Amino acid sequence: MDYINILFYLLFSYLLGGLLTGYFFVVWLNHTDIRQMGSGNPGARNVGRLYGRLGFITVFVGDACKGIIVVFFAMHFFNNDWIALLSLLFVVAGHIYPLWFRYQGGKGVATCIGGLCTLQLELISVLFLVFLGLFLLFKDFSKTGLLTLIGVPIGLWIYSYSYINVMISTLLILLILFAHRKVNPI
């Protein structure tokens, strides 16, 4: 295994994560900084609140594509699940703590979902059904989504992924929960 290439790929993943779709979308659309508007978050929900469904969808898809790209190419170049998950962890970390924006980014959910769909679509499909059931019960989009994300490491374990994959996915979900600590304490 070529560890130097893995390290460079993880660095690339982190830097890609720091390209905040919401920021660039709003600058292109309105020449303003989304981080100075609404909740101050450059993510899809804040953009959606301010610019409607098209804004939400554009930013969600753009952020999800970052996760899709790093997981897809990690699987292609390294053919290894744990490297793909580690690259997903790094792209999400780059999204939450972007170097380009003084470490103040989004919450990482869309990026995580994109990467997980690329890695394990069946698990994400099951978790989507869990999300719908929990949403009908709690009627709270954010808390339901965060509770559903907790199922990712459990699902990977059920799908017989290695313990290192389960540990990396646990770190990934903890990072996202940590990013939400001020907004939605669970």
Look at Ile4 and say whether it is crowded, with 20+ Cβ neighbours inside 10 Å, free of Cβ contacts under 8 Å to residues at least 24 places away in the same chain and out of contact with any Ser or Thr (no Cβ under 7 Å at 6 or more places or on another chain).
no
Failed criterion for Leu174 (all others in (1) among the hydrophobic types (A, V, I, L, M, F, W, C); (2) more than 13 Å from the chain's Cα centre (by Cα); (3) over 26 Å from His76 (Cα atoms); (4) modelled with pLDDT of 90 or more hold)
(2)
Scan segment 169-181 and tell me whether some residue there is without any contact (Cβ under 8 Å) to a residue 60 or more places away in the chain and either over 25 Å from Gly22 (Cβ atoms) or in contact with an Asp or Glu (Cβ under 8 Å, 6 or more places away or on another chain) (or both).
yes
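Return yes or no: is Ala74 buried (at least 18 other Cβ atoms within 10 Å of the Cβ), under 17 Å from Ala110 (Cα atoms) and at pLDDT 95 or above?
Working: buried (at least 18 other Cβ atoms within 10 Å of the Cβ): yes; under 17 Å from Ala110 (Cα atoms): no; at pLDDT 95 or above: yes.
In short, no.
Just to be sure, is Ala179 modelled with pLDDT of 95 or more and either within 18 Å of Met75 (Cα to Cα) or of a type in the set (A, V, I, L, M) (or both)?
In short, no.
Taking only segment 51-72 into account, find how many residues are farther than 15 Å from Leu19 by Cα and either in contact (Cβ under 8 Å) with a residue 24 or more places away in the chain or not in a helix (DSSP H, G or I) (or both).
Keep residues of segment 51-72 that are farther than 15 Å from Leu19 by Cα, which gives 51-57, 71-72.
Going one step further and asking which of them are either in contact (Cβ under 8 Å) with a residue 24 or more places away in the chain or not in a helix (DSSP H, G or I) (or both), we end up with 51, 55, 71-72.
Residues meeting the conditions: 4.
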What residue, among those in segment 18-46 that are part of a helix (DSSP H, G or I) and touching a Phe, Trp or Tyr at 6+ places or on another chain (Cβ under 6 Å), is nearest to Ser87 (Cα to Cα)?
Ala44
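The values are calculated or read from the model by the stated rules, or taken from the named source; none is laboratory data. Bear in mind that the values here come from a model prediction, so they are computed numbers and not experimental data. Every residue, glycine as well, gets a Cβ built from its backbone with ideal geometry; the counts of neighbours run over all protein chains shown.
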